[in-house]
1. Sort out which residues of segment 29-45 are surrounded by 13 or more Cβ atoms within 10 Å (Cβ to Cβ) and either without any contact (Cβ under 8 Å) to a residue 40 or more places away in the chain or among the β-branched types (V, I, T) (or both), and write them in order of number.
2. Exactly one condition in (1) under 16 Å from G169 (Cβ atoms); (2) in contact (Cβ under 8 Å) with a residue 60 or more places away in the chain; (3) out of contact with any Pro (no Cβ under 9 Å at 6 or more places or on another chain) is not met by A136; state its number.
3. Being surrounded by fewer than 20 Cβ atoms within 10 Å (Cβ to Cβ) and touching a helix residue (DSSP H, G or I) at 6+ places or on another chain (Cβ under 8 Å) is the filter here, so list the residues in segment 60-71 that pass it.
4. List pairs: first in segment 56-68 and basic (K, R), second part of a helix (DSSP H, G or I) and surrounded by 15 or more Cβ atoms within 10 Å (Cβ to Cβ), Cβ under 6 Å, 6+ apart or cross-chain?
5. When segment 36-63 is examined, which residues are found to be more than 19 Å from R22 (Cα to Cα), out of contact with any Lys or Arg (no Cβ under 8 Å at 6 or more places or on another chain) and assigned to a loop (DSSP other than H, G, I, E, B)?
6. Is it true that W23 is closer than 16 Å to L75 by Cα and at pLDDT 95 or above?
7. Picking from R197, R193, which residue would you name as being over 12 Å from the mean Cα position of the chain (by Cα) and modelled with pLDDT under 95?
8. Answer with yes or no whether H48 is surrounded by fewer than 18 Cβ atoms within 10 Å (Cβ to Cβ), in contact (Cβ under 8 Å) with a residue 60 or more places away in the chain and within 26 Å of L103 (Cα to Cα).
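The values are calculated or read from the model by the stated rules, or taken from the named source; none is laboratory data. What you see is a predicted model, and the numbers here were worked out from it, not measured in a lab. Note that each Cβ is placed from the backbone with ideal geometry, even for glycine, and that neighbours are counted across all protein chains shown.
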Amino acid sequence: MTTAKTRAQAAAWAIVPAGADRWDDLETLFGTRGAHGGCWCLWWRLPHAEFGRLRRAQRRRRLQALVRRGAPPGLIGYADGQPVAWVSLGPRVDFAAIEASRLLRRLDDRPVWSVVCFFVRHDRRRQGWMRRLLRAAADYAAAHGATLLEGYPLDCAGRRLTGYAGYTGVASTFAAEGFREVARPRPDLLVMRRRLRRRRRQPPRGRTS
């Protein structure tokens, strides 16, 4: 149910690439815990053995270096000028743990981008941010030459998620944005894909009240 409070909270928003000038905002959003459990959104980007060897501070520095290198590893969502949401995406080959995964093994040899993680600030959840981020991710990938975008959402089947259980996304949200199920490596885990049309780079998504 959409309430007046929800409409007001979502009235002014924008989604932009996490470029070098956005590191401070990303650090603010992730907080001292590094989003969840000190991950700093590196779980899928690094081989799991390497990820496990790094301390939280080291993971933070690795993500900082990635952001400041100039190729945005994801998009940041803003509400009223404050960073409130994040989606991680890029060419699948950038995600070493996914490339090595037996569960999420490649379906074919076509070039594909992956959207792998969502993080929304606690007070901004259940306000449509996952869908906004996914739509912006598709636009961003297409603008950077991708013709196929892949995600690994959960099939919640009416279950209410708690904590960070749905960090890879929710299947119903992916379906609403035009993704189709192409594999189901586990009863509750889907691989979903959407074909993209290459397009010119678009200005950041957003809306002002």
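1. Within segment 29-45, G34, G38, C39, W40, L42 meet the criteria.
2. (3)
3. Step one: filter segment 60-71 for residues surrounded by fewer than 20 Cβ atoms within 10 Å (Cβ to Cβ), giving 60-62, 64-65, 68-71.
Scanning segment 60-71 gives R60, Q64, R68, R69, G70.
4. Pairs found: none.
5. H36, G37, W43, W44, R45, P47, R55
6. yes
7. Working: R193 fails: modelled with pLDDT under 95.
Being over 12 Å from the mean Cα position of the chain (by Cα) and modelled with pLDDT under 95 holds for just one of R197, R193, which is R197.
8. Working: surrounded by fewer than 18 Cβ atoms within 10 Å (Cβ to Cβ): yes; in contact (Cβ under 8 Å) with a residue 60 or more places away in the chain: no; within 26 Å of L103 (Cα to Cα): yes.
No.
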